[in-house]
Amino acid sequence: MIKTEKYQLLLSQTKSLIEGETDAVSVMANVAAAIHEAMGFFWTGFYLVKDGELRLGPFQGPVACMHIGYGKGVCGTAWKQRQTIVVPDVENFPGHIACSSLSRSEIVVPVFADNGDVAAVLDIDSRELSTFDDTDKIFLEKICQHISYLF
């Protein structure tokens, strides 16, 4: 199955999975698990904006950084810039926070609250260089839009 087909199926599955659910942690846990399982990424999870920083939320993969500052690393930069960031090689991203030396490329997608503020970010890491492209960006942004009602 090609990447676009995987994402189309994943999008449909996540819509069904979260329909009618109101608990943000439960929804994020299942969405992270669904993405991680379907796409086979190294690390897939959410960081939540809380008390002026990003705090580790539900995820799949090895242990991770628990606190990330505003504008720090890829996650904090996506929060500050309010946009998805695709990093083909994390070694070339200024200020990259290395939670794992096995991470080689990364995508971070903001999740917006009803009031327009960034409420969380979806962070996904790969062990391979240049894993993420516009297809990932488009579909992951759609998934994040579908969970924004929680915030």
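The values are calculated or read from the model by the stated rules, or taken from the named source; none is laboratory data. Just so it is clear, the structure is predicted and the values come from calculations on it, not from any experiment. All Cβ positions, even for glycine, are placed from backbone atoms using ideal geometry, and neighbour counts span all protein chains on display. Areas reflect the complete protein model, heavy atoms only, side chains present, ligands, DNA and RNA absent. Shrake-Rupley method; radii C 1.70, N 1.55, O 1.52, S 1.80 Å.
Confirm whether residue 15 is in contact (Cβ under 8 Å) with a residue 60 or more places away in the chain, assigned to a helix (DSSP H, G or I), open to solvent by 70 Å² or more (accessible area, probe 1.4 Å) and not aromatic (Phe, Trp, Tyr). Write out each step before concluding.
Working: in contact (Cβ under 8 Å) with a residue 60 or more places away in the chain: yes; assigned to a helix (DSSP H, G or I): yes; open to solvent by 70 Å² or more (accessible area, probe 1.4 Å): yes; not aromatic (Phe, Trp, Tyr): yes.
Considered against the rule, which asks whether it is in contact (Cβ under 8 Å) with a residue 60 or more places away in the chain, assigned to a helix (DSSP H, G or I), open to solvent by 70 Å² or more (accessible area, probe 1.4 Å) and not aromatic (Phe, Trp, Tyr), residue 15 comes out as yes.
Please tell me if residue 76 is surrounded by 13 or more Cβ atoms within 10 Å (Cβ to Cβ), assigned to a strand (DSSP E or B) and among the small types (Gly, Ala, Ser). No; evaluated as a whole, the condition is false for this residue. For the stretch 106-141, which residues satisfy the criterion of being assigned to a helix (DSSP H, G or I) and out of contact with any helix residue (DSSP H, G or I) (no Cβ under 7 Å at 6 or more places or on another chain)? Within the stretch 106-141, 134, 136, 137, 138, 140, 141 meet the criteria.
Looking at the stretch 49-58 only, could you name the residues that are touching a residue at least 60 places away in the same chain (Cβ under 8 Å) and open to solvent by 40 Å² or more (accessible area, probe 1.4 Å)? Within the stretch 49-58, 49 is the sole residue that qualifies. The single condition among (1) under 19 Å from residue 26 (Cα atoms); (2) polar (S, T, N, Q); (3) assigned to a loop (DSSP other than H, G, I, E, B) that residue 103 does not meet is (1).
Here residue 83 fulfils each of the conditions (1) under 19 Å from residue 127 (Cα atoms); (2) part of a loop (DSSP other than H, G, I, E, B); (3) open to solvent by 20 Å² or more (accessible area, probe 1.4 Å) apart from (1). In the stretch 132-144, the residues that are modelled with pLDDT of 95 or more and open to solvent by 20 Å² or more (accessible area, probe 1.4 Å) form Cβ pairs under 7 Å with partners that are of a type in the set (D, E, K, R) and outside any loop (DSSP other than H, G, I, E, B), at six or more places apart or across chains, as follows: 135/3. For the criterion of being hydrophobic (A, V, I, L, M, F, W, C), crowded, with 22+ Cβ neighbours inside 10 Å and in contact (Cβ under 8 Å) with a residue 24 or more places away in the chain, residue 102 fails.
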